[in-house]
Amino acid sequence: MRVINLIIILLLFQYTCLKGQENLYDLEIINVDPQAQKDLIKNNPGKKYSDSLNIIKHLREVILDMNKDGYMAASFDSLNYDSLNVKAYLYSGPLIKYGMVGIDSIYKPVLRKTGVNIKKLQNSPFDHSGLSRIFEKIISYYENNGYPFASAYLDNISINDSTISGDIRIDRNNLITIDSIYIKGDAKISPQYLYSYIGIEKGDLYNESLVEKTGDRIKELTFLQEIKPFEISFDEKEADIFLYLNNKKANHFNGIIGFLPNNDKTGKLLLTGELNLLLINSFGKGELIRFDWQKPGSLTQKLEAGLEYPYLLTLPVGLDVKFNMFKKDTTFITVNINTGLRYLMKGGSYIKMFMENKNSSLISTWGMENITSLPQYADVNTTLYGLGYSMERFDYKYNPKKGYAVLVNAAIGNKNIKKNSEIPDEVYNEIELSSTQYEGQSALYFFQPLAGNFVLKTSNKTGYMGNVSSGDGSALFENELYKIGGLKTLRGFDEESVFASFFTVFTVECRLVFEQNSSLYLFWDGAYYEKDISSEFVSDYPFGFGAGIDFETKAGIFTLNYALGKQFDNPIELRSAKIHFGFLNRF
């Protein structure tokens, strides 16, 4: 009857409030139980209420707070309305406390692992939600250790003198192991790859925390897509996981054609180009094969190839091999081979240990027979040992609106300058033939959504190399430096035309994403670099700016970039603009 009377009072009160809802009401809560603590009442002095719904909401919050403090029988007996003042009469009821709470000794190690201390419950206010959290911790532990149907509850409950006593009971039910992962759909992927990638192996104890993340892990793969959410089938002792997967277009082929002013022939254009081929999961092992070719100048070419093979021997370790060859007209040729092992983490992140061998040799020594000091190029062999880290978190890999990526590498090793038989031997006396070389590179990318479909992209690429030697004779040579400039680093400049021992390039780009793979953008690339070699020191603040578009068609994605650049004290000239056409096709 007490509850019914209160409901009637509240309905009458709500009707009255609706008639004068432009008024604000004061609420006073009066505790009619003299034994209850006064500080339990949540009066909110000075707060005004516009209608009865807000008052009812506050009164419910008061009851819930008191329940958490052990007043399980708390209730409002009546509510009186007098003009703009409302009085609510609260009955707190007795403070209920925990008495003795017991548990079988065989489960005490589980309590220690979950951080549950039932001794702290004794003589503390009874809190049903707190007890539920204890049960959830216990159940979660068993769900992640082979018992997906475990339950926990309070048994043998007794109430004496406002204390509740009982025993925590745990029913583990059947022990379940993983039997198999089944793939439904046209996805061509090795089940063993999925075992390693998801972190679940055949024969493992059932682990709910890993199983429930399976869908999210699949979404991180660029070459697979879920047809529908995964399913789990249980029998008495085993569980099967059914994944509904299709292949997703991730391989791509693209090419870029560039028209640049020919510095050797005034008024003429120089045709440059680039071809890229990326193959992902061609053999169903999650592997990646990369091939890139560039022709940044008339006699200059660059060739890169790479292989990434994950989960060697089902371990979270992958092989990473990269080959790089750069030929500078008839001056020198450099070959780099980087071999590493990646420790694979969730979300495509990894830590890498690697060894890199860099061998640079002069092609022509014409005119050097009688020189008295080494020129800016030399025959150099360097072996480096290093660590790297990579992390990528984009909402969409190919044209993100939100997210970030981080790539960091650092290495140290030995550099040896080789004597060239065509160069007088005495010129090598002034330099140190063997020294310690160190290098470091980083790349940071940030994408931030703005109003509508506008996206702000900011990024930074930085690299540094140097020598440590016992004397002053060690130095860097131009053919071992970083090469920046062009579409991927500093737009508005010839591809890899700037040689640097240190560089940092900042990019700000405002993008209008009007389709998933299509966007318009304005950009600015600003850099600082140093060229610190044996024969000279140069530094500058070059920058480039312009506009571009990526446009998706049925044939593929077309790219057009128009950029102007400024270097040293040279003026910005429209006739020096760089125009790049690109094409990307996924298959």
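The values are calculated or read from the model by the stated rules, or taken from the named source; none is laboratory data. All of these numbers come straight from a predicted model, not from anything done at the bench. Note that we place each Cβ from the backbone using ideal geometry, even for glycine, and neighbour counts take in every protein chain shown.
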Task: Only one of Y528, Y521 that is surrounded by 14 or more Cβ atoms within 10 Å (Cβ to Cβ), under 25 Å from G255 (Cβ atoms), modelled with pLDDT of 95 or more and in the same structural domain as Y377 (by TED's automatic domain parsing) - done: Y521
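Yes or no: region 149-163 includes at least one residue that is in contact with an Asp or Glu (Cβ under 6 Å, 6 or more places away or on another chain), farther than 30 Å from P94 by Cα and buried (at least 17 other Cβ atoms within 10 Å of the Cβ).
Taking region 149-163 as the starting set, the residues that turn out to be in contact with an Asp or Glu (Cβ under 6 Å, 6 or more places away or on another chain) are 151, 155-156.
So of that shortlist, the ones also farther than 30 Å from P94 by Cα come out as 151.
The next check asks that each one be buried (at least 17 other Cβ atoms within 10 Å of the Cβ); those that pass are none.
No.
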Task: Selected residue (only one of S180, S233, S151 is more than 29 Å from the chain's Cα centre (by Cα), under 29 Å from M345 (Cβ atoms) and among the small types (G, A, S)) - done: S180
TODO: For residues that are at pLDDT 95 or above and of a type outside the set (K, R), tally how many sit in region 335-349.
DONE: 8
Open item on the list: Report every pair of residues separated by at least 6 positions or lying on different chains whose Cβ atoms are under 8 Å apart, first residue within region 207-227 and touching a residue at least 24 places away in the same chain (Cβ under 8 Å) and in a helix (DSSP H, G or I), second charged (D, E, K, R) and surrounded by 15 or more Cβ atoms within 10 Å (Cβ to Cβ).
Closed with: E208/E143; S209/E143; I218/E226
TODO: Would you mind finding the one in K358, K352, K295, K285 that is surrounded by 17 or more Cβ atoms within 10 Å (Cβ to Cβ) and in contact with a Phe, Trp or Tyr (Cβ under 9 Å, 6 or more places away or on another chain)?
DONE: K352
Open item on the list: Against the conditions (1) surrounded by fewer than 18 Cβ atoms within 10 Å (Cβ to Cβ); (2) touching a Gly at 6+ places or on another chain (Cβ under 9 Å); (3) of a type in the set (A, V, I, L, M, F, W, C), where does I106 fall short? Just the number, please.
Closed with: (2)
Open item on the list: On the basis of being in contact (Cβ under 8 Å) with a residue 40 or more places away in the chain and surrounded by 15 or more Cβ atoms within 10 Å (Cβ to Cβ), does L456 make the cut?
Closed with: no
- [ ] Would you mind telling me which numbered condition in (1) in contact with a helix residue (DSSP H, G or I) (Cβ under 6 Å, 6 or more places away or on another chain); (2) aromatic (F, W, Y); (3) loosely packed, with under 15 Cβ neighbours inside 10 Å Y311 fails?
- [x] (3)
Open item on the list: Quick check on this structure: which one of E509, E432 is without any contact (Cβ under 8 Å) to a residue 60 or more places away in the chain, of a type outside the set (V, I, T), out of contact with any Gly (no Cβ under 6 Å at 6 or more places or on another chain) and farther than 21 Å from F326 by Cβ?
Closed with: E509
- [ ] State all residues of region 394-429 that are surrounded by 16 or more Cβ atoms within 10 Å (Cβ to Cβ), polar (S, T, N, Q) and out of contact with any Gly (no Cβ under 8 Å at 6 or more places or on another chain); if no residue qualifies, say none.
- [x] N399, N420
Task: Criterion (in the same structural domain as W366 (by TED's automatic domain parsing), assigned to a strand (DSSP E or B) and more than 30 Å from R575 (Cβ to Cβ)) met by exactly one of N429, N420, N409 - done: N409
TODO: Mind listing whichever residues of region 156-184 are closer than 11 Å to M100 by Cα and touching a helix residue (DSSP H, G or I) at 6+ places or on another chain (Cβ under 8 Å)?
DONE: I168
Open item on the list: Looking at region 574-587, I want the residues that are free of Cβ contacts under 8 Å to residues at least 60 places away in the same chain and have a partner that is surrounded by fewer than 19 Cβ atoms within 10 Å (Cβ to Cβ) with Cβ atoms under 8 Å, at least 6 apart or on another chain. Which pairs are those?
Closed with: L574/L564
Open item on the list: Being among the small types (G, A, S), buried (at least 21 other Cβ atoms within 10 Å of the Cβ), in the same structural domain as T331 (by TED's automatic domain parsing) and farther than 30 Å from K397 by Cβ is true for just one of S535, S501. Which residue is that?
Closed with: S501
Task: Of the criteria (1) under 44 Å from the mean Cα position of the chain (by Cα); (2) surrounded by 14 or more Cβ atoms within 10 Å (Cβ to Cβ), which one G115 fails - done: (2)
- [ ] Output the residue which, of all residues in region 423-462 that are β-branched (V, I, T) and out of contact with any strand residue (DSSP E or B) (no Cβ under 7 Å at 6 or more places or on another chain), is farthest from T372 (Cα to Cα).
- [x] I423
